Amino acid sequence: MLHYTFAENEIEITEKSAAQDTTFTIAVKSEEMRTRLKQVRHFFEENKDYTDVLFYSRQDGTYEVIVRHDQKHAFLIHAFRCKCLTSLRWA
């Protein structure tokens, strides 16, 4: 299993797993972090698999990100590359 940490003063992430996917609710606390999250979104919107990671912007400024289970590691790794996460580790 892949565990991650994030800078709580810049972003807040909650995770809920379902049968076929995982839903991340993300609250961004800085404009710099919003830019980083947009880089993650752009990466997955530009690939040819349109259902791997779905981003939804909410009116309250948070994001809902639905990730297929087979793409969860790819999503977390790319979020780490874009500096949305501060660490990743296998447990």
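Figures for the structure shown
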quantity: At 1.002 mPa s and 20 °C, Stokes diffusion of the stretch 1-59 via Kirkwood alpha-carbon radius, µm² per second; calculated: 165
quantity: Environment charge at C82 (Cβ cut-off 13 Å; Lys +1, Arg +1, Asp -1, Glu -1); calculated: +4
quantity: Cα gyration tensor category, rounded, prolate or oblate, for the stretch 39-91 with a/c compared to 1.5; calculated: oblate
quantity: Residues of the stretch 1-88: accessible area per residue with a 1.4 Å probe, Å²; calculated: 62
quantity: Carbon and sulfur %, accessible surface of the chain computed with the full protein complex present, 1.4 Å; calculated: 51
quantity: Theoretical ellipticity at 222 nm over the chain - DSSP helices of four or more residues, -39500 (n - 2.57) apiece, nearest 500; calculated: -9000 deg cm²/dmol
quantity: Net charge dipole size for the chain [Lys, Arg +1 and Asp, Glu -1 on Cβ; Debye, nearest 20]; calculated: 180
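The values are calculated or read from the model by the stated rules, or taken from the named source; none is laboratory data. Source: prediction; values computed, not measured. Backbone-built Cβ (ideal geometry, glycine too); neighbour counts: all protein chains shown. Ligands, DNA and RNA are stripped out before the accessible areas are found, and what is left, the full protein with its side chains, is counted by its heavy atoms. Shrake-Rupley method; radii C 1.70, N 1.55, O 1.52, S 1.80 Å.
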